[in-house]
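**Q** Structure provided below as structure tokens; questions to follow.
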Amino acid sequence: SSVRRMINGPIIHPPILGALAAAGHKSTILVADAHYAAATAVGPHATVAYLNFTAGTPLTTEVIAALTSMLPFERRTSMTVPDDVGAEVPAEVGAILGAEIPHDTVAREEFYALARSEDLVLCIVTGDTRRFANTLLTVGVNLTEPSRSG
């Protein structure tokens, strides 16, 4: 059976779609893990979308993969991972976004300051319980010309 949808994209969550439509070049999007303090650690203009219904779903990487099909990103930022902790999530995010997208790592305090900035347009809280799964994505510019019919 075929699936019929009104929106031609993987994301159908209305507040997320609205925030994505409002995002401009250099806006940031935080894809947060289940432990992130989204009630207090986001910028004043951010829409917060809670997708953390059960532990482990969705993963931050699943959300980032869906976001990449909706808009371009020019940079990603994550917290510096201590040497004694595995960094599986940042590596997975890098594989999703591609090596051409620069990756900044910053100290925890700086990451929270960036997440609280006025540039943050959207925070998506996932059910991801893995450590260091928070990722800030900077919106890029879509350089393809829209097709005109008619």
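**Q** Based on DSSP H runs of at least 4 residues, each adding -39500 (n - 2.57), what is the mean residue ellipticity at 222 nm of the chain after dividing by all its residues, to the nearest 500 deg cm²/dmol? Walk me through the numbers on the way to the answer.
**A** Working: 4 runs with 36 residues, N = 150.
Result for the chain, helices only: -7000 deg cm²/dmol.
**Q** Also, I was wondering about something else. Could you please state how large a percent of the accessible area of the chain is carbon and sulfur, counting protein chains only and using a 1.4 Å probe?
**A** On the way: 4590 of 8530 Å².
Of the solvent-accessible surface of the chain, carbon and sulfur hold 54 percent.
**Q** Provide the per residue accessible area, probe 1.4 Å, for the chain, rounded to a whole number of square angstrom. Before the final figure, lay out the partial values.
**A** Details: 8530 Å² over 150 residues.
Per residue, the chain has 57 Å² of solvent-accessible surface.
**Q** Residue by residue through the range 30-40, which ³J(HN,Hα) values in whole Hz follow from phi under the Karplus form 6.51 cos²θ - 1.76 cosθ + 1.60 (θ = phi - 60°), with glycine and proline marked x?
**A** 9, 9, 9, 7, 5, 9, 5, 7, 5, 6, 10
**Q** If you don't mind, there's one more thing I want to ask. Please report the antiparallel percentage of DSSP beta bridges with both residues in the chain, rounded to the nearest 5.
**A** If I count the DSSP bridges inside the chain, around 40 percent turn out antiparallel.
**Q** For Glu100 and Asp84, calculate 0.36 nm times their separation in residues minus their Cα-Cα distance, and state this gained length in nm to one decimal.
**A** On the way: separation 16, 0.36 × 16 = 5.76 nm, distance 2.72 nm.
Contour length minus Cα-Cα distance gives 3.0 nm.
**Q** Could you tell me which of rounded, prolate or oblate describes the range 1-86, using a ≥ b ≥ c as the square roots of the eigenvalues of the alpha-carbon gyration tensor, with rounded for a/c under 1.5 and, failing that, prolate when a/b is larger than b/c and oblate otherwise?
**A** Numbers: a/c = 1.66, a/b = 1.40, b/c = 1.19.
It comes out prolate by the Cα gyration axes.
**Q** Let me ask you something else. Once the other residues with Cβ under 9 Å from the Cβ of Ile64 are scored (Lys, Arg +1; Asp, Glu -1), what is the net sum? Intermediate values should be presented prior to the final figure.
**A** Numbers: positive: Arg76; negative: Glu62, Glu92.
Net charge in that neighbourhood comes out at -1.
**Q** In addition: Please check: in the Gaussian network model of the chain (C-alpha springs, under 10 Å), which one of Pro90, Pro102, Pro82 has the largest mean-square fluctuation.
**A** Taking springs between Cα atoms under 10 Å, the residue moving most is Pro82.
**Q** Can you tell me the Rg and the Dmax, both Å, for the Cα atoms in the chain?
**A** Here Rg and the maximum Cα pair distance are 15.5, 59 Å.
The values are calculated or read from the model by the stated rules, or taken from the named source; none is laboratory data. Values in this document were obtained by computation on a predicted structure and should not be read as measured data. Note: ideal-geometry Cβ built from the backbone for every residue, glycine included; neighbour counts use all protein chains shown. Surface accessibility is based on the protein's heavy atoms, side chains included, excluding ligands, DNA and RNA. Shrake-Rupley method; radii C 1.70, N 1.55, O 1.52, S 1.80 Å.
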